[in-house]
Each structure stands twice: as C-alpha cells, then as structure tokens.
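Comments concern the structure below.
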Amino acid sequence: MRKSLLSAGPDPSTLRSVACCYIAPPDLLARLAEEGTKEQRDAALRTLAASASMRTRRALIGQLLRDPQTRGAALAFMVTPAGTRRTVYDARHGGQNSLPGTRVRGEDDQPASDDAVNEAFDGAGKTYDFYEQILGRNSIDGQGMEIVSSVHFGTDYDNAFWNGSQMVYGDGSGQLFTVGALTKSLDVIGHELTHGVTQFTAGLEYHTQPGALNESISDVFGSLIKQYSLGQSADQADWLIGEGTLLPELGKALRSMKDPGTAFKWDNQPGHMRDYQDLPDDNDPRHDNGGVHINSGIPNKAFYLAAAAIGGNAWEKAGRVWYTALTERFQPTTDFEQAAKLTVEVAGELFAGGTEQAAVQQAWQDVGVL
Amino acid sequence: MKLSIIRGGGIAGVSTVTELDEGALSAGDAKTFRAKVAGAEPGLSAAGADSQSRHPDEMQYDVTLSDDQTTRTARVSETALPEAVRSLIAWVDAHPQHTTRVVPPGGSS
C-alpha cells in the first residue's frame with residue numbers, strides 16, 4: 001500500500017483531478033474544523049480530504065497542534081475511525097451550491113421515510129462492507145472517511161456522480177433513466193464510490209486511456225460489490241452495470257462487461273482494441289473526455305475473461321489482482337498496455353505457481369491489448 | 001432566439017441535444033424565456049468556451065444561444081454550472097415545445 005505523510009491520504013500528485021473542488025481557504029476550514037458545528041466540521045474535513053494540496057493539510061494540522069485550545073479537535077480528526085460512517089442529505093432539487101443539503105439520516109439513525117435516502121444509505125454500507133471485508137480497506141480513502149451522499153440533486157436529473165468528496169444522485173427524468181432508479185442500483189453506487197477509491201489511490205486521470213481505465217475500475221468493483229452482495233460466482237453473475245436504470249425500451253443496462261456493446265440501444269462499446277474509438281480529448285460533451293465510457297469496454301472485457309477463466313467468486317482472485325494493481329502499481333497516466341502488464345505481474349506475485357497469471361495474460365491478449 | 005443544450009458525460013456516457021425555439025412559444029412563454037436567458041447571460045459569459053471538467057461521471061454542457069446575427073456557446077461542467085443556467089435548463093426541459101434527441105456515445109449531433 002502506498003503510504004504518505006500522516007497516513008492520512010494519498011500522494012498529492014494523485015489528487016490533481018479534484019483541484020477545482022478546493023474552494024474555501026485553509027484558515028476558514030481550520031476555523032470550521034475547530035469551532036464549527038459537527039456538520040460544519042465534517043464538511044470542512046471532507047473538503048480537506050479532497051484538497052489538492054497535501055502541504056495545506058500539513059500546515060493546517062500543524063497550526064491546530066500548536067494551539068493548545070484546539071489540540072483535542074486536531075487529534076479527533078487525525079484518529080482513524082473504525083466502522084462505517086454514512087450520512088445522507090437531501091439536496092431538495094438544488095444544484096452544486098445546495099450540496100450537501102439538508103441532513104436526513106446518519107449512521108445511527110432509523111430509516112427515513114424517503115426511499116432514495118435509505119437506498120443511498122444502504123448502498124454506501126454494502127460498498128463499505130465489500131471494501132472492508134474483502135480488501136481490508138477502511139472506507140473510500142482507506143482512513144475511515146465519512147461517506148456522504150446527497151439525493152434529489154437538480155430537477156429530473158439524469159445522472160449520479162462522485163464530485164471529488166461525496167456522492168450526488170439525481171432522480172432521473174423518466175426520459176432516459178427510470179425515475180428513482182439510480183439509488184436502487186448497487187453497482188451504480190459501487191461504481192461511483194469506487195471513483196473515490198481511485199482518486200485516493202492511483203489517481204487515474206479522467207481522459208483518454210487512463211480515463212477509460214478509471215471507468216473500467218469503477219465498473220469492475222461496482223460489479224464485484226453486487227456479486228458479493230448476491231453471493232454470485234463469476235459464472236452466475238450477469239456482468240451488467242446499472243441493470244434496470246434506463247427506461248426498459250432503451251435497454252437492459254448501461255454496460256455489459258461480458259459482452260460490451262450490447263447493453264442498450266446506443267451502446268457502442270468495443271470489446272477489442274481493433275474497435276478502439278480515438279475520440280478528441282477536448283471537453284466537448286459529445287466526446288466524453290476522449291471516450292472514457294466507450295473504450296472502458298476493452299479493459300472491462302479483459303477483467304471478465306480473467307475472472308471467468310479463473311472461476312469461483314470473481315472478488316477472491318481477479319478482484320484482488322486488480323485492487324492490488326490499482327492501489328500499489330497504477331499511476332495517474334497508466335494506459336491499457338501498462339495496466340495489462342501490471343495486472344499480469346501482480347497475478348504472478350499473489351498467486352505464484354498457479355494458473356491465475358496465465359489467465360490474466362490470456363485475457364488481455366484476447367482483447368488485443370497484449 | 002434559439003437555445004440548444006448539449007449534455008454529455010454522465011454515468012451512461014450518452015449525450016443529448018435539447019432545443020427550444022422562441023418562435024414556437026406563446027407571447028407569455030417567450031417573455032419568460034427571454035427573461036430566463038437574460039438571467040443566465042452573466043453565468044454563460046463567465047463560463048467561457050472551454051471550462052475544464054475532470055470529475056468522474058460529471059455531466060458537461062454546451063449551451064448555445066443563437067439568433068439571426070450571432071451564435072454563442074458556453075461550455076461548462078456540472079460542478080461549475082451557474083444556478084441561473086441550471087434554472088434556464090430546467091425551464092426548457094419542462095416546456096412542452098422543447099425537443100430532445102440522443103446522440104450515441106462518440107457520435108456527432
């Protein structure tokens with residue numbers, strides 16, 4: 001595992017993708033962490049966790065430690081909490097400025113009367129449990145980070161995303177996504193929260209091949225979280241992402257890892273390098289950051305093939321290989337070929353003398369990466 | 001005046017193009033539309049034409065205003081979307097005269 005100062009977060013270079021969320025000055029955050037209400041303090045600490053600047057965090061902690069009045073507060077947030085900590089907010093149809101919104105349910109609270117709140121809460125819990133029980137990871141950042149979710153974002157909003165420090169769910173418009181479906185899909189929740197894990201580990205840049213790999217990693221662990229929750233082995237799993245989230249007439253799911261390009265009406269994901277789509281990396285909304293949701297089909301298929309060849313529960317071996325590669329080997333600019341070589345290498349180390357390494361090698365060959 | 005909103009990215013990676021033409025609106029709705037556009041103008045101008053976006057699964061928007069003389073496009077990401085622009089988009093989405101079509105991932109509009 002990559003270690004960093006205070007063991008409180010990743011190398012600063014891995015956080016470049018979230019630089020734009022760091023909006024409040026550090027001394028204001030310090031004041032909130034120190035004097036604010038519990039909610040303000042938690043929000044300040046989340047912002048710090050997403051800060052692009054490790055130096056800022058060090059300076060803040062140093063500042064708090066030097067002041068005898070605030071040692072308690074400083075120490076309180078340096079201690080790694082044990083167990084899951086979830087909080088769900090209602091954005092009440094507001095936009096970015098409304099986040100996180102009105103607090104509706106915390107870790108020890110009874111279920112709310114709002115299904116979306118409870119679904120986001122339960123999905124975060126299942127995701128936490130998977131990472132903790134299977135991979136030994138304590139929350140998104142590996143340090144017990146509170147998992148914050150906001151539901152009812154925007155108006156008829158057709159998306160769910162990880163904004164660098166929390167989960168954001170729209171209700172769906174009923175035109176593209178089925179109303180209320182995004183919080184019901186455990187692999188969507190696992191996919192999004194895994195973007196947070198990637199942010200705190202490899203920091204894969206969100207464009208072109210590193211971006212498609214980032215997307216694929218989220219599909220891999222989103223699917224594994226669902227498989228683990230259902231107790232499904234590799235041959236029993238459907239390998240679909242977001243099954244039932246789209247209107248039924250548009251298709252069965254957002255993506256198929258087993259058979260890329262077949263999940264919905266406009267699905268044109270490739271499952272082999274010969275069909276790689278080299279889209280411009282220009283922020284045009286139609287180009288998807290250089291096709292990150294399109295070309296992810298290639299590493300998705302490689303993972304499926306490796307898991308299917310190894311057999312059994314996909315999270316036990318293939319998942320372990322991919323997780324180790326993500327957290328200990330990948331860099332922000334890792335491309336498909338590098339990812340392939342690194343996963344093959346890790347498979348050999350974790351399962352020396354077994355058939356796993358050959359299965360991983362063959363999988364990447366079958367999709368034309370190696 | 002015509003407004004075109006291209007939305008892309010998002011967890012599905014699907015783009016949609018939504019359009020509303022002032023000419024198709026009643027006098028009352030046209031007035032509201034112009035007021036909404038005027039309210040969104042400062043935000044659209046500030047957004048510029050190439051707002052950076054690198055949050056996973058965040059949506060990205062191209063908002064284009066055109067009339068007989070000019071066409072202006074603001075490119076903005078979800079986390080930078082001004083509230084007045086969001087409000088304009090929500091109003092257009094809710095108006096029965098708008099049209100929306102899907103652009104396949106990687107396709108052109």
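The values are calculated or read from the model by the stated rules, or taken from the named source; none is laboratory data. The shown structure was predicted, so the numbers you read here are calculated from the model rather than taken from an experiment. Using ideal geometry, Cβ is built from the backbone for each residue, glycine included, and neighbour counts are taken over all protein chains shown. Side chains included, ligands, DNA and RNA excluded: accessible areas come from the protein's heavy atoms. Shrake-Rupley method; radii C 1.70, N 1.55, O 1.52, S 1.80 Å.
Remarks
- Matching residues in the stretch A:177-208 - criterion: being in a loop (DSSP other than H, G, I, E, B) and either facing chain B (nearest Cβ under 8 Å) or touching a helix residue (DSSP H, G or I) at 6+ places or on another chain (Cβ under 9 Å) (or both): A:178, A:180, A:181, A:185, A:201, A:202, A:203, A:204, A:205, A:206, A:207
- Those residues of the stretch A:94-145 which are within 14 Å of another protein chain (Cβ to nearest Cβ) and open to solvent by 20 Å² or more (accessible area, probe 1.4 Å), in sequence order: A:96, A:97, A:98, A:99, A:100
- Scan of the stretch B:46-66 for residues that are at pLDDT 90 or above and farther than 20 Å from residue A:188 by Cβ, ordered by number: B:61, B:62, B:63, B:64, B:65, B:66
- Scoring residue A:287 on the criteria (1) touching a helix residue (DSSP H, G or I) at 6+ places or on another chain (Cβ under 9 Å); (2) within 14 Å of another protein chain (Cβ to nearest Cβ) leaves a single failure, condition (1).
- Answer residue from the stretch B:13-30, given it is free of Cβ contacts under 8 Å to residues at least 24 places away in the same chain and of a type in the set (A, V, I, L, M) and is surrounded by the fewest Cβ atoms within 10 Å (Cβ to Cβ) among those: B:27
- Evaluation of residue A:83 against the conditions (1) surrounded by fewer than 12 Cβ atoms within 10 Å (Cβ to Cβ); (2) over 23 Å from the mean Cα position of the chain (by Cα); (3) at pLDDT 65 or above shows that the sole unmet condition is (2).
- Test: residue in the stretch A:179-200 that is of a type in the set (Ser, Thr, Tyr) and open to solvent by 20 Å² or more (accessible area, probe 1.4 Å): no
- Selection of the stretch A:350-370 for residues being without any contact (Cβ under 8 Å) to a residue 12 or more places away in the chain, assigned to a helix (DSSP H, G or I) and over 10 Å from residue A:302 (Cα atoms) yields only A:358.
- Per-region count, the stretch A:324-341, residues touching a residue at least 60 places away in the same chain (Cβ under 8 Å), among the acidic types (Asp, Glu) and not in a loop (DSSP other than H, G, I, E, B): 1
- Per-region count, the stretch B:13-36, residues outside any helix (DSSP H, G or I) and over 30 Å from residue B:56 (Cα atoms): 3
- Residue list for the stretch B:63-109, filter: charged (D, E, K, R), open to solvent by 10 Å² or more (accessible area, probe 1.4 Å) and in contact (Cβ under 8 Å) with a residue 24 or more places away in the chain: B:67, B:72, B:75, B:83, B:93, B:101
- If you go through the stretch A:146-176 and pick out every residue that is farther than 13 Å from residue B:78 by Cα, at the interface with chain B (Cβ under 10 Å from one of its Cβ atoms) and not hydroxyl-bearing (Ser, Thr, Tyr), you end up with 3.
- Every residue from the stretch A:254-275 that is under 24 Å from the mean Cα position of the chain (by Cα), more than 9 Å from chain B (Cβ to nearest Cβ) and open to solvent by 50 Å² or more (accessible area, probe 1.4 Å): A:258, A:259, A:262
- Each residue in the stretch A:294-323 was checked for being open to solvent by less than 10 Å² (accessible area, probe 1.4 Å) and either part of a helix (DSSP H, G or I) or out of contact with any strand residue (DSSP E or B) (no Cβ under 8 Å at 6 or more places or on another chain) (or both), and 16 pass.
- Any hit, the stretch A:220-230, residues being among the β-branched types (Val, Ile, Thr) and without any contact (Cβ under 8 Å) to a residue 24 or more places away in the chain: no
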